[in-house]
Amino acid sequence: MGVEGCTKCIKYLLFFFNFVFWLAGGVILGVALWLRHDPQTSSLLGIEYEGTQAPNTFYISVHILIAVGAVMMVVGFLGCYGAIQESQCLLGTFFACLVILFACEVAAGIWGYMHRDTVAKEMINFYDSVYDKALAQGLTDQEARKGASVLKLFHESLNCCGKGKGTGFLTRFTDTLGLTDLCPSSGTTFSCHDKIQDLFSDRIYLIGIAALVVAVIMIFEMIFSMVLCCGIRNSPVY
């Protein structure tokens, strides 16, 4: 015989939220692994030109997400087992883990909000550097050909051409004359600045939404775990 009445209801609510928390951890882990190995993102962040690697700030957030997803699955299992067994020790440990996770998530959220545009800006600066160097050197120069191959990879991956409409039309014109081969085969002249901004902004928002959902679940779990722990302590059975 265990807890009764409202406390018993809290017990099963906590188990339910823990199960959702465990599933959310699995989803976050899966999404983080997808972001880490997404061909479009990986092809851009794996670019190296003249000894300079493409900015990898985005991967810092993704690696944090992988760790958070794995920890969430472990903590979610701990909470489920503690709720079913009505163990004060497990529930206390679960609550402590939740507080630590919540504090880390708030800190990561503040850092992410302050640097939400950093990833796109760094990649745009890297693209501009490659674009300017490739076009500033002679077309027969080996470095110019290397820069052209990097630009081609950018353009094919993002389906864009040039830093803006003006450079896009100019590059498309030089491609037509046979002087260069930089724009994608689709013939688009979309700005690569806009495409880079959209690519990383969408992924940052996806991370933010996932963090917000998890934070709400964690708040309910902390409340329920403390109520259940107090109910177990006050139960005459124990």
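The values are calculated or read from the model by the stated rules, or taken from the named source; none is laboratory data. Because the structure is predicted, anything quoted here is derived from the model rather than measured. All Cβ positions, glycine included, derive from the backbone under ideal geometry; neighbour counts span all protein chains shown. These area figures cover heavy atoms from the full protein model, side chains too; ligands, DNA and RNA do not enter into them. Shrake-Rupley method; radii C 1.70, N 1.55, O 1.52, S 1.80 Å.
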Practice prompt. Name the residue, out of G82, G76, that is in contact with a Phe, Trp or Tyr (Cβ under 6 Å, 6 or more places away or on another chain), modelled with pLDDT under 85 and under 18 Å from I219 (Cα atoms).
Written response: G82
Worksheet item: Would you pick out the residues in segment 112-127 that are surrounded by 14 or more Cβ atoms within 10 Å (Cβ to Cβ) and assigned to a helix (DSSP H, G or I)?
Response: G112, T118, V119, A120, K121, E122, M123, I124, F126, Y127
Worksheet, complete the sentence: Filtering segment 9-59 down to residues that are surrounded by fewer than 15 Cβ atoms within 10 Å (Cβ to Cβ) and modelled with pLDDT under 80 yields P39, Q40, S42, G46, E48, E50, G51, T52, Q53, N56
Item to complete: Test Y113 against the stated conditions and say whether it is under 18 Å from the mean Cα position of the chain (by Cα) and at pLDDT below 75.
Response: yes
Item to complete: Only one of these is in a helix (DSSP H, G or I) and within 18 Å of the chain's Cα centre (by Cα): V71, V20. Name it.
Response: V71
Worksheet item: Do we find a residue being surrounded by 21 or more Cβ atoms within 10 Å (Cβ to Cβ), over 25 Å from the mean Cα position of the chain (by Cα) and farther than 16 Å from A215 by Cβ anywhere in segment 86-104?
Response: yes
Fill in: Selection within segment 199-238 - open to solvent by 80 Å² or more (accessible area, probe 1.4 Å) and not in a helix (DSSP H, G or I)
P236, Y238
